Ligand SMILES: *Cc1c(COP(=O)(O)O)cnc(C)c1O
């Protein structure tokens, strides 16, 4: 057994990243200086978008996008239960109501058919989440949005570098949000970004990031002198520092190399597990190029003598940092106590009961990878029904 715990995801920081940070620390600006603009421009280009706004974290990015979309008291926003709580919490921050549409049992992404069933006169937006990095069915989601005049905010926290029918994620919808948490594709410690092609949304995102305050003459109601600024809306301090932006810029240069390694690991896992009776490997939709933030196996419990929990605990005993992504959001006590007790998304709950996320991150060695494969195979073969 390996001595060192193998996490499911981890950053990759090199000497050049450290140097980029140190340079900013020695400079005049350590927050909202030139590195923010540079990082935003580089990221916008990477994601194929016209504008990008850097913020403090991925959750702030979702909050800002919901604000820019005009989500208010009583508005409904449709999202998936198979996501990190932040995708739905951002709607609550604005006074809106998250409405959960079930997943497609093959892709594990939000089902356009179920979105159609959940649209009401109060629906204002859809937040599709590209779970594991595989893009959602954006053509269908866009059709629904167009028909009902809804804003689409893609939660692309898993999807830096993913593409949908050749188009980079970040270039497709009204707004797309990203996270730079250390387990994600590139990191700034904490950090997030929103991309958009819409100038009006871009301006609202900038306002929201910094208290709702502007110094832009064209936006102000009056002008009292060179010191003058105005608070036009209730924003937050969601700014990213230049220290973080410098790290992000340095990391972004490696995004393609990191992505290539993630895809390589996913390919090797799939080859290793695809013919086993006890496990289903991730299904990949035609036209969707995943960025493989997560590698999720689904246990075929009908062919196993034990449950998911036993397999999970056996892997943890081997010092493998497996995880479960995700507990359906509405199952959390907070949601249960706030009106979601009678909600059931059958496919999401079924998936939740059968999945395990295996370690996948660019710095993983071949040895790490083969250790995971051997351990998974041993445990599943040992517990296979005859
Ligand atoms: C990581 C993540 C977020 C939140 O990002 P933070 O930077 O941690 O705030 C939101 N949605 C999804 C799907 C995520 O995985």
- Mind listing just one residue for me: the one in segment 146-165 that is assigned to a loop (DSSP other than H, G, I, E, B) and more than 16 Å from the ligand (Cβ to nearest atom) and, of those, surrounded by the most Cβ atoms within 10 Å (Cβ to Cβ)? 150
- Task: Could you name every one of the helices (runs of 4 or more DSSP H) located completely within segment 181-289 that has at least 1 residues being closer than 30 Å to residue 350 by Cβ, under 26 Å from the mean Cα position of the chain (by Cα) and away from the ligand (no atom under 16 Å from the Cβ)?
- Result: 255-273
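Of the residues that make up segment 208-216, is at least one buried (at least 20 other Cβ atoms within 10 Å of the Cβ) and modelled with pLDDT of 95 or more?
Yes: one or more hits.
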- Message: Can you say whether residue 143 is in contact with a helix residue (DSSP H, G or I) (Cβ under 9 Å, 6 or more places away or on another chain) and more than 11 Å from the ligand (Cβ to nearest atom), as far as the supplied structure shows?
- Response: yes
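Check 46, 108 and return the single one that is under 18 Å from the mean Cα position of the chain (by Cα) and at positive phi.
108
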- Criterion (more than 16 Å from the ligand (Cβ to nearest atom) and out of contact with any helix residue (DSSP H, G or I) (no Cβ under 9 Å at 6 or more places or on another chain)) met by exactly one of 14, 28: 28
- Has segment 31-44 got any residue that is closer than 23 Å to residue 138 by Cβ and not in a loop (DSSP other than H, G, I, E, B)? yes
- Message: Is it the case, given these coordinates, that residue 280 is under 19 Å from residue 322 (Cβ atoms) and surrounded by fewer than 18 Cβ atoms within 10 Å (Cβ to Cβ)?
- Response: yes
- Query: What's the number of the condition residue 48 fails, among (1) closer than 21 Å to residue 233 by Cα; (2) surrounded by fewer than 19 Cβ atoms within 10 Å (Cβ to Cβ); (3) more than 16 Å from the ligand (Cβ to nearest atom)?
  - Reply: (1)
- When residues of segment 166-180 are limited to those that are within 13 Å of the ligand (Cβ to nearest atom) and assigned to a strand (DSSP E or B), the one farthest from the chain's Cα centre (by Cα): 176
- Query: If residue 83 passes every condition in (1) more than 15 Å from residue 176 (Cβ to Cβ); (2) part of a loop (DSSP other than H, G, I, E, B) but one, which one does it miss?
  - Reply: (1)
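So is residue 98 in a loop (DSSP other than H, G, I, E, B) and either in contact (Cβ under 8 Å) with a residue 60 or more places away in the chain or within 16 Å of the ligand (Cβ to nearest atom) (or both) or not? It would help to see each step written out before you state the result.
On the way: in a loop (DSSP other than H, G, I, E, B): no; either in contact (Cβ under 8 Å) with a residue 60 or more places away in the chain or within 16 Å of the ligand (Cβ to nearest atom) (or both): yes.
So residue 98 does not fit the description; no.
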- Message: So in segment 350-380, with the set limited to residues that are in a helix (DSSP H, G or I) and free of Cβ contacts under 8 Å to residues at least 40 places away in the same chain, which one is farthest from residue 310 (Cα to Cα)?
- Response: 366
- Note on the structure: Pairs returned, first residue in segment 154-169 that is free of Cβ contacts under 8 Å to residues at least 40 places away in the same chain and at negative phi, second residue that is within 11 Å of the ligand (Cβ to nearest atom) and assigned to a loop (DSSP other than H, G, I, E, B), beta-carbon separation under 7 angstrom, 6 or more apart or interchain, are 154/128; 154/130; 156/130
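Residue under question is residue 130, and the condition is that it be within 15 Å of the ligand (Cβ to nearest atom) and either out of contact with any strand residue (DSSP E or B) (no Cβ under 6 Å at 6 or more places or on another chain) or closer than 24 Å to residue 352 by Cα (or both); does it hold?
yes
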- Qualifying residues in segment 55-70 (those that are in contact with a strand residue (DSSP E or B) (Cβ under 6 Å, 6 or more places away or on another chain) and not in a helix (DSSP H, G or I)) - the one nearest to the ligand (Cβ to nearest atom): 57
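The values are calculated or read from the model by the stated rules, or taken from the named source; none is laboratory data. These numbers were taken from a predicted model, which means no experiment stands behind them. Here the Cβ is made from the backbone with ideal geometry for all residues, glycine too, and neighbour counts use every protein chain on show.
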